[in-house]
Each structure stands twice: as structure tokens, then as C-alpha cells.
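Here's the structure we're looking at; comments come further down.
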Amino acid sequence: MNKRIVSALVLAGMIASSSAFASNAREMVMGTGGADHYSNGGSFYYEDAYNFFYNPAYVNDYKNWAIFEKGTGSDASSFGFVSSMMNFNLGMFFNRNAALSTGSNAVDVMLGGDAGVKWGLGLTYGNKKLADNGSQNNLDVRVGVSAAGFDPFIHVLVIGSDKAAGTETMKYNNMGGGLRYHYGEWTPYAAINSAKTKNVAAGTEPKTTTWTIGLGRETKVAEGARLTYALYHSHGETDTAGVKSSKLAETPIDMAIEADALSWLTLRGGVHHVLIGGDGTTTARVGGTFHVAKVDVDYAFGNGTAAGGNTPDSSDVGFDSGTFHQIGFRYSW
């Protein structure tokens, strides 16, 4: 009987979900427009609070909230908050380990303000102590602004290394930048990232350059319903001692819709379809948000069982422990 009640509630909840605020569950359904090739968190083609993970100037647009995330992967359990502080806005997030080039124990700090031009500074730091005087360290610095519809951003990995017995074994270099421009409902964007990984003992240092260019749109299709879609191209190439190999070349389309069916529920569904290149795959996902006073619970509807390495795109969808494949609890004040 309890399972039937839970099933009914979940099905009702799938008739709704929205908010420009962010969660991993929301991004899992709606896609990123290629931002995942540049940043861990955020979307290039629609407005989302997690966009401040690649452009910290956006921390000024989403204030006074906290979130707790539960899901799969290296970011299975993460949490953070954004709060106004005098004339500034401060954000801190913890355990977003997929954002690191090396190490763990990730801490993100973002500080922003508005002096006629919105600006932001972001730092991501991670470290890990290993046996026999070994260690891993990571520090990435990000800067971004938002003014007159132009939103440029850059990042530089200033510390990235692995050590064994006190001696450096791996060295990481990473830098990139991009630009979004708002033209009514349309958002053209471009970003590029260059990453080097030096194996000190082997003397090798492959360099991977990845760039993405696209055009997105976010529009209202009916009262309480929003449609977002983007067409973009991503290309990545690895250079190892002068020998180049194509690692990525694809032109996908991302599309999603959110609809507010009830005051306390919202529906979202999204699809990612590779038009040219890549592996030609198509994935479709659905999810929702429960709204209760100042609390929002986002979820992505997942597979029926975690056995066998299933993912949100597995065929065996069911009402059990896999129903809420990704879930986030957010409180706003």
C-alpha cells in the first residue's frame, strides 16, 4: 500500500518543476548546451544559478539560499550556499570533486558585487594526502563580468600537481575562457579550454584543446511553461609530441520544457540528440520539483535499480530506490 502511495505522489510530481535556481537534478534533465566540456556545473544556453561555476559574476543574480545534493558519481554528496554580505554576495560549495583536475575535498568560493558592472571572482581548491609523503593539490581561479548583455569569463589552474615521496610526479595546466551574449530570447555563446597533463617521469605532456560554439533560446510558450533549446558544435583535439588526434567532434541539439502545473509542483523533460558526429545517441530524461513554502526539492527520474551499473538512461525505470536518481533539497530566505 505504501509503495502505491509513493508511486502516485511521484507521478503527480512529474507534472511539474521550475525555477531559475539550480540543482544537479535540473541540469541532468535539461542539459548544458556543451558547458560540460568547459565546466563542471552550469549551462550555456539557459539561465541557471550553477552558471556561476564558470562565470562567478552570476553569483549576484541568485542570493540567499542553500542546497544539499544527493546522487551518483564523485559529486554524489555536495552542498553549498549563497548569501548577501553588505555590498557583496558570497557563495561557498563543498565536495564538488568532479570540478578538480586532481585531489579531492573540493571547496568552491565565489565573491561578487555590482558597481554598475556585475563582477565575480571564484576559486576551487582541493587536496588529498597520500601514503609515503604523497599529495594531490588543485587550485583553479575564475573571473567573470556581466554588463550590457555581454558575459565574458576566464579561468586558470594555478596549482595542479601530484607528488609521491615528496617528489612531483604529475603536473596539470589548464586555462580557458568564453563569452555569452543576451539578445532578447536568444543567447549565442562560445568557449575554449586548453589542458596539459605532464608526466614527469615519462617526460610526456599531451595537450587537449576543446572549443564549443552554439546558439540557444529560452522562451515562454504558455502561461507557466517555458521552452529552451540550443544547437551547438563541440570539437576537441589532443596533441601528443606533435601527433594530433581528434578526440571530439559533434553537433548536438539540447531541448527542454518546464511547466508549472500546480503551485507546489512543476514538470520538466529534456532531450539530447546528436545530429552530426559523436556516437549519434539520443537521451531523454524527465524530472520535477516539489515546492513547499521556502523549500524546493528537485529530482531527476532515474532507473529502477542501481545494479549492473545502470544510469538515468537505462531502460528499466521503476518505483524503487532508483526513482530519485538525483535529488536536491534547497531552502531560500
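No value in this document is a laboratory result; all are computed from the given coordinates. Since the structure is predicted, the reported quantities are computational estimates derived from the model, not experimental observations. Positions of Cβ are backbone-derived with ideal geometry, glycine not excepted, and every protein chain shown enters the neighbour counts.
Here are the numbers:
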| read-out | value |
| --- | --- |
| Cβ-based net charge around PHE329, under 11 Å, with every Lys or Arg adding one and every Asp or Glu removing one | -1 |
| (1) 155; (2) 145; (3) 130, with the label sought being that of the calculated volume of the Cα convex hull per residue in Å³ | (1) |
| Nearest-ten-degree value, helix 2-13 long axis tilted from longest Cα axis of the chain | 80 |
| Cross-link pairs LYS128/LYS207; LYS118/LYS196; LYS129/LYS247; LYS70/LYS247; LYS63/LYS247; LYS220/LYS294 - those with Cα-Cα distance over 29 Å | LYS118/LYS196; LYS129/LYS247; LYS70/LYS247; LYS63/LYS247 |
| Burial order of peptide ranges 247-254, 30-37, 218-225 (average beta-carbon count within 10 Å, highest first) | 30-37, 247-254, 218-225 |
